[in-house]
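The values are calculated or read from the model by the stated rules, or taken from the named source; none is laboratory data. From a predicted model like this one, the values you see are computed outputs, not experimental measurements. Here Cβ is always computed from backbone atoms with ideal geometry, including for glycine, and neighbour counts include all displayed protein chains. For accessibility, only protein heavy atoms count, side chains too; no ligands or nucleic acids. Shrake-Rupley method; radii C 1.70, N 1.55, O 1.52, S 1.80 Å.
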Amino acid sequence: MASSHTVLMRLVASAYSIAQKAGTIVRRVIAEGDLGIVEKTCATDLQTKADRLVQMSICSSLARKFPKLTIIGEEDLPPEDVDQELIEDGQWEEILKQPCPSQYSAIKEEDLVVWVDPLDGTKEYTEGLLDNVTVLIGIAYEGKAIAGVINQPYYNYQAGPAAVLGRTIWGVLGLGAFGFQLKEVPAGKHIITTTRSHNSQLVTDCVAAMNPDDVLRVGGAGNKIIQLIEGKASAYVFASPGCKKWDTCAPEVILHAVGGKLTDIHGNALQYNKEVKHMNSAGVLATLRNYDYYASRVPESVKNVLVP
Ligand code: AMP
Ligand code: MG
Ligand code: MG
């Protein structure tokens, strides 16, 4: 029997359960003690066993249920049979109780592109900075990021044994974002969050031009967006290539769903159609509030180097 729910809401509900399963895999790989680290392009561009297993889990689970989707994952993996143990078939019922925004109700499976970062913040994962790590599943339609799920496998890991470990945040444009408490940095404070593993002179110059009260250097694009929506940072500034579409798609949706803004360093919206190049060559600028303050302070010298 055909489901009464729209394709988009069924996909988000499945992505939620799949991201939760991903979180368990991320924790299990650490618990087993063998990270299986591989260098990709350089020593700060790593892949672990968790990146590989989670990508297999997410992409195979999604493809089984939604065979006409376009799914683009970060990791370049050889085709192989996926262990049944990695497949997640569930869907989060709470999401199916929500109404689909009317502008998305007629979307067909083949119209959607899913951007998967199986483990964002891999460098930090290998260094034990576990709450920097997120699993990102972003959903795009007509080139625009419209829905997303973020699992943070080690949320609460320093809060003691009684605390519930891990959480999942999700959102759809026009509906909202859920799974966290929205909080803002006190008015007038400029706290910048930026990279800790992929720094450069350009990144530092751009951050300095914002005249910040404080600079937080942490791993992960997902983690930095969580800092924005939870009132820990007022702007995510990354004046460098390096960050890819799978890093920004899901986080952008969560931020936009609560009234924030994520663009490249020039102020251009990011595109997520399946043909787009993966690299966000002109960097990232994101805020929950006061976007114009930060955008107006990006130096021309920085803009001239970062070509979209
Ligand atoms: P970071 O803020 O350094 O954690 O970067 C956010 C995301 O972009 C992570 O997934 C990084 O792996 C990726 N990224 C940023 N810069 C680079 C780079 N130079 N090389 C490879 N990946 C990068
Ligand atoms: Mg990433
Ligand atoms: Mg990754």
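Descriptive notes on the structure:
- Relative contact order [Cα under 8 Å, 6+ residues apart], segment 1-119, whole percent: 41 percent
- For the residue pairs 123/144; 21/144; 245/277, alpha carbon separations beyond 18 Å are given by 123/144; 21/144.
- Segment 10-100 - percent of accessible surface contributed by carbon and sulfur, probe 1.4 Å: 49 percent
- Spacing of the two label points (7 Å from each Cα toward its C-beta) at residue 181 and residue 274, in nm: 4.3 nm
- For segment 106-243, the spread of Cα positions along each principal axis, largest first, Å: 46, 40, 33
- One decimal place: the segment residue 213-residue 106 gains 33.9 nm when fully extended, by the rule 0.36 nm per residue minus the C-alpha distance.
- Mean silhouette area of segment 66-123, derived from the convex hull of its C-alpha atoms and averaged over all directions, reads 6.3 nm².
- Here the contact order of the chain, divided by its residue count and restricted to Cα pairs under 8 Å and six or more residues apart, works out to 17 percent.
- The convex hull built on the alpha-carbon positions of segment 33-114 has an orientation-averaged projected area of 7.9 nm².
- Computed from the C-alpha gyration tensor, the three semi-axes of the ellipsoid equivalent to the chain are 29, 22, 19 Å, from longest to shortest.
- Percent of alpha-carbon pairs separated by more than 27 Å within segment 1-147: 24 percent
- Only Cα sites of segment 212-264 enter the Debye sum here, all with the same form factor; the resulting log10 I(q)/I(0) across q = 0.14, 0.15, 0.16, 0.22 1/Å is -0.33, -0.38, -0.44, -0.85, listed in q order.
- Helical contribution to [θ] at 222 nm, DSSP H n ≥ 4, -39,500 (n - 2.57), averaged over the chain, rounded to 500: -9000 deg cm²/dmol
- The trypsin sites (Lys or Arg not before Pro) of segment 116-184 include none that DSSP puts in a loop with a beta carbon having at most 11 other beta carbons within 10 Å.
- Whole-number accessible area per residue in Å² for segment 154-308, which is evaluated in the context of all protein chains at 1.4 Å: 42 Å²
- The charge dipole of the chain, taken about its Cα centre with unit charges on the Cβ of Lys, Arg, Asp and Glu (plus for the first two, minus for the last two), comes to roughly 660 debye.
- When the charge dipole of segment 183-308 is built from unit charges on Cβ atoms (+1 for Lys and Arg, -1 for Asp and Glu) and taken about the Cα centre, the candidate among 278, 209, 241 whose Cα reaches farthest toward its positive end is 278.
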